[in-house]
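Heads up, the thing below is written out as structure tokens.
The values are calculated or read from the model by the stated rules, or taken from the named source; none is laboratory data. None of these values were measured; they are calculated from a predicted model. For the accessible areas, the whole protein counts, side chains as well, though only heavy atoms, and no ligand, DNA or RNA atoms are used. Shrake-Rupley method; radii C 1.70, N 1.55, O 1.52, S 1.80 Å.
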Amino acid sequence: MGVVRKASLGFMVEAARALIAGCRERGLRCRDPPLATSRLLSRIGLNQYQARAFWSDAREASGREYVIYRYRGASFSLGLSVVESELLHIDGWLPADYFDCRLMGDACSRSPRGKALYAYVSGFIAGGRLRVNSVNLLRILDMTVPGLVDELLDGVSDVIWGRGHERLVNAVLKATGLDSIRIVLPATPEDVEDLLSLSPLLARLLKG
């Protein structure tokens, strides 16, 4: 993700952390919320200058895709997209989708228009196309193995800020070792070498 500054990548990680924690605390499913909105960025402590730089980077990366998995005929990519539309927030800051907004009733508010960053995983497998909100995937992982999402996000932060890659690699290997993942993917890594051969994005991140 060379077009995105380290600070903005770090803020994406912290946005994901706050979002998943908010979903967890409220028992929400969080199937299709934005990864970041201005209210969430303010919640995690960004000032106006940092927020402007974040949205500038996000727009630059919007529409690009980063291959996170490739094996023979199967391929999955992470894509970022900045949109301006009506936004839903729970308790004034937690980005929400329509279903969770309805569930939370008066705790959910609507903004007629605002910026939102979405992150989707999309790709091809067994002749079919799949597209899933990355927050949805993180929430599923969070419900399946408590604590693993935090390990994963801590590992991404380590790589972004040059603190090594061991925690990220271990978390990814744990995730790909789950039966639910093994059923979906045609090949799953057994060690670091396998992981880097299957994930171009991870190999790129670890090389700096």
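Tabulated results
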| quantity | calculated |
| --- | --- |
| Built amide H within the under 5 Å cut-off of Ala36, gap 5+ | Leu117 |
| Cα Rg over Rh - region 6-198, Kirkwood | 0.96 |
| Selected from Asn136, Asn47, Asn170 as most flexible by GNM, with the chain as the system and alpha-carbon contacts under 10 Å | Asn47 |
| With eigenvalues of the C-alpha gyration tensor scaled by 5 and rooted, region 37-148, Å | 27, 19, 14 |
| For region 6-198, accessible area per residue (1.4 Å probe, heavy atoms of protein chains only), Å² | 51 Å² |
| Carbon and sulfur %, accessible surface of the chain computed with the full protein complex present, 1.4 Å | 52 percent |
| Gaussian network model of the chain, springs between alpha carbon atoms under 10 Å - residue of Val156, Val145, Val172 with greatest fluctuation | Val145 |
| Most mobile listed residue (Leu80, Leu173, Leu103) in the chain, GNM with C-alpha springs under 10 Å | Leu103 |
| Spatial separation of Cα centroids for region 134-196 and region 28-50, in angstrom | 23 Å |
| Residue-wise HN-Hα coupling along region 107-120, computed from phi with Karplus coefficients 6.51, -1.76, 1.60 (Hz; x: Gly, Pro) | 6, 9, 10, 10, 10, x, 7, x, 7, 9, 9, 10, 10, 10 |
| Rg(Cα)/(2.2 N^0.38 Å) for region 67-123, N = residue count | 1.51 |
| Rg and Dmax of region 87-153, Cα atoms only, in Å | 14.8, 43 |
| Cα gyration tensor shape of region 144-208, rounded if a/c is under 1.5, else prolate or oblate by comparing a/b with b/c | oblate |
| Under the Karplus curve 6.51 cos²θ - 1.76 cosθ + 1.60, θ = phi - 60°, whole-Hz ³J(HN,Hα) for region 187-197, x wherever Gly or Pro sits | 8, 10, x, 9, 8, 4, 4, 4, 4, 5, 6 |
